[in-house]
Each structure stands twice: as structure tokens, then as C-alpha cells.
Amino acid sequence: MGFGARLLARLDEEFPRPKTALHYATPLELLVATILSAQCTDERVNQVTKTLFARYRSAQDFARAEREELERRIRSTGFYKAKAKNLIECGRALVDRFGGQVPRTMEELVTLAGVGRKTANVVLGNCFGIPSIVVDTHVRRVSQRLGLVATDDPDKIELELQKVFPRKRWTQGSHQLLLHGRHICTARSPQCPECALNPMCRWEGKRSA
Ligand code: SF4
């Protein structure tokens, strides 16, 4: 069994059914929630979107949003002025260029305000079933510690991980790495002695099992 397969087998035991923590019912809602999640916890975003999605139900609603009202509603997620501006611009672009729908390709998604490869991959993988690797701070750290990648650049990490995991496992595998980083291989105090990936981890700072 190769390194990628052994890694996935252990992650499958640890997190058998990974699911995004953000609450959403449509691609638009996941897009908005992911934009709001920058520098913010998923729990806080879920609190905010509970009422936000009742008020703004379509791309048109965001396109026509009154900026100050939107800022007030998303204020607690931080960077609310930039996020409100992006959400309004994003809504306008969806209406003007995509018939009010969230597009289904990376090329189109990254043209939207506030949307980079990470957000685009979240939407492609979770809403449209297109295999996608999401590289957030947890995935970056765990990939580096395990020795899967030797770079800090999220775009390069995405490409490297595409080689480690079979394509059909990209979405789930990267999500499992994220959960492993959030719960076990944390930034400040990784739980190395209890870590299921310990025997395959190449980090020089790891503690023995
Ligand atoms: S052994 Fe430690 S550093 Fe390596 S993946 Fe596990 S928790 Fe992270």
C-alpha cells in the first residue's frame, strides 16, 4: 500500500464521514458562508447566517443589498466592511454574468469578489461533487508536518496533494486533513502520542507515540 493510501486508510478510521461545519442549503449559501469564514470561526458564521439567509435569499438580494445594513448583520464575523463589499459585488456579478446562479468552474468562480481558490474549491467539492482540494491553514500545517509538501504556497500545496490522493478522494481527503489539524495536529500543542498518523509523520518536532 502506498503512502497516500495508508494515510487515507488511517484518516478514514479517524474521521469516517467528514462534513463541512458551515451550515448551508444552496451553493449560494455555502459561497457566502465561506466568504464570511475568513478570519472567523465556523460557529460564529453559522450564528450570523441563521438570520442573514432569511433576509438575503438570492444573488439578486445581495446585489441590491443596502451596504450599511449588510455590514451591521455580518459585523461580528470581522473584516465586515470588506466582506460586505465583496458580497454585494459578488451578488452583482452572479446576476450580471451567471444568470443569478453560482458557476460550476474554478475559472469562473475565482472571478468573483472575495473568492480565491480555497473558497472555490469548497463550493466545487461540496455543492457540485467536483473533486477539489481545499488548502486552509490546518491542511497546510498538517501536510508540511507529515512531509507531504515542502512549500508554504497554498496553490503549490494543492497541486502536491493532488498527486498524493486519488482524484476521487480529493474532497474528502483534504477535509479529513483539515479535521486532523483542527482536533489532533493543532498549531501549538499537537497530540503526537495519541496521533494515528504518528508512525508515518516526518516532522522533526513530533513527540513519540
Ligand atoms: S505525529 Fe504529531 S506532528 Fe505528526 S501528524 Fe501527528 S500530531 Fe501532527
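For the reader, a short list of remarks on this structure follows.
- Helix 27-36 vs. the chain, principal-axis angle (Cα, 0 to 90°, nearest 10): 80
- Positive dipole terminus of the chain, leading residue within Asn198, Ala33, Leu94 (C-beta point charges): Asn198
- Segment 27-127 shape via C-alpha gyration tensor axes, a/c threshold 1.5: oblate
- Shape of the chain, Cα gyration tensor, a/c cut at 1.5: prolate
- Comparing Gly114, Gly99, Gly91 in a Gaussian network model of the chain where C-alpha atoms under 10 Å apart are linked, the largest mean-square fluctuation is found at Gly99.
- Amide H contacts for Cys185 (H built 1.01 Å from N in the peptide plane; partners 5 or more residues away or on another chain; cut-off under 5 Å): Gln191.
- Fraction of accessible area attributable to carbon and sulfur, segment 32-122 (%, probe 1.4 Å): 46
- Under 28 Å, Cα to Cα: Lys pairs in the chain, sequence gap 8 or more or different chains: 22
- Accessible area per residue for segment 61-151 is 47 Å², calculated with a 1.4 Å probe on protein heavy atoms, without ligands, DNA or RNA.
- Accessible area expressed per residue, segment 1-58, with surrounding protein chains retained (probe 1.4 Å, Å²): 56
- Between helix 80-98 and the chain: long-axis angle, C-alpha atoms, 0 to 90°, nearest 10: 80
- Probe 1.4 Å - accessible area at Ser189, Å² to nearest ten: 60
- J(HN,Hα) series, segment 37-50, from Karplus relation 6.51 cos²θ - 1.76 cosθ + 1.60, nearest Hz, glycine and proline x: 6, 4, 6, 8, 7, 4, 4, 5, 4, 4, 4, 6, 6, 3
- Cα-based helix-to-principal-axis angle, 137-146 vs the chain, degrees rounded to 10: 10
The values are calculated or read from the model by the stated rules, or taken from the named source; none is laboratory data. Small disclaimer: the values here were computed from a predicted structure and weren't measured. Using ideal geometry, Cβ is built from the backbone for each residue, glycine included, and neighbour counts are taken over all protein chains shown. Calculation scope for accessible area: heavy atoms of the full protein, side chains included, ligands and nucleic acids excluded. Shrake-Rupley method; radii C 1.70, N 1.55, O 1.52, S 1.80 Å.
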